[in-house]
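Read through the structure below, which is laid out as structure tokens, and then see the notes.
Every number here is computed from the coordinates shown, using simple stated rules; none is lab data. Predicted, not measured: the structure shown is a model, and the values here were computed from it. Neighbour counts run over all protein chains shown; Cβ positions are idealised from the backbone, glycine included.
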Amino acid sequence: MPRPAASRRPLTTSLGRARRRLRRAALARRRPLAAVCAAVAVVATLQANAAPPPPHRLVLTAARDLPAGAVVRPDDLTRTPFDPASVPAGVLRGPAQAVGRTTATPVRAGEPLTDARLLGASLLARYPGLVAVPVRVGDPGAVRLLRVGDRVDLLAADPQGDQPARTVGRDVPVLAIPRPAEESPGLTNGALVVLGVPDGDAATVAQAAVSSFLSVVLTH
């Protein structure tokens with residue numbers, strides 16, 4: 001027997017309300033989900049378009065400016081990232097290859113340490129027949145004008161002024177200019193320079209170094 005229309009109306013109304021509630025719930029959940037999907041899409045796009053970080057190579061460099069003739073110490077060194085294509089030839093692999101060696105030319109902070117920037121294991125490798133003699137030149141300012149590889153005449157003057165200055169080394173190469181400490185003019189102070197002299201002149205130069213006031217004349 002068919003159900004009266006009046007009795008069906010409340011059921012229809014209830015079903016309609018239920019559908020509307022479900023629709024609203026679905027819409028309420030769909031909006032945050034759409035926002036999340038959009039954000040993920042943006043991030044994915046940015047990551048796809050972002051260039052990968054450039055490759056780099058850690059290179060042994062000078063931690064500070066180093067003058068020519070400086071003996072390299074561990075705290076003079078650091079490692080700096082470089083584009084592999086910009087790394088110069090002959091760069092040293094690690095501190096063990098640099099510490100204790102002498103700079104052949106000035107080295108700027110951040111500059112890679114190469115075999116061309118440092119003297120070889122022996123200061124005399126390029127000067128056969130010479131011996132290395134360290135002497136103290138009385139005027140540190142004059143030594144600051146020198147560079148490794150310069151040629152100088154070494155003069156010895158009597159501190160009392162009783163004898164004229166004499167030449168004890170002619171056209172000798174400057175092998176190294178060690179890092180200066182607190183220097184002042186004098187026989188046992190002054191600025192230290194390592195010169196290459198013929199073996200037969202070493203004793204004369206050494207004697208002058210402890211008995212005379214030494215000065216240098218740049219030849220070429």
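Tabulated data
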| read-out | value |
| --- | --- |
| Extension gain from His56 to Ala89, taking 0.36 nm per residue of separation minus the Cα-Cα distance | 10.3 nm |
| Förster radius 30 Å - calculated FRET efficiency between Arg64 and Val131 (Cβ-Cβ, nearest 0.05) | 0.40 |
| Estimated FRET transfer efficiency when R0 is 25 angstrom, pair Leu145-Ser211 (beta carbons, to 0.05) | 0.50 |
| Rounded FRET efficiency, nearest 0.05, which uses the C-beta distance separating Val71 from Arg170 and R0 of 35 Å | 0.85 |
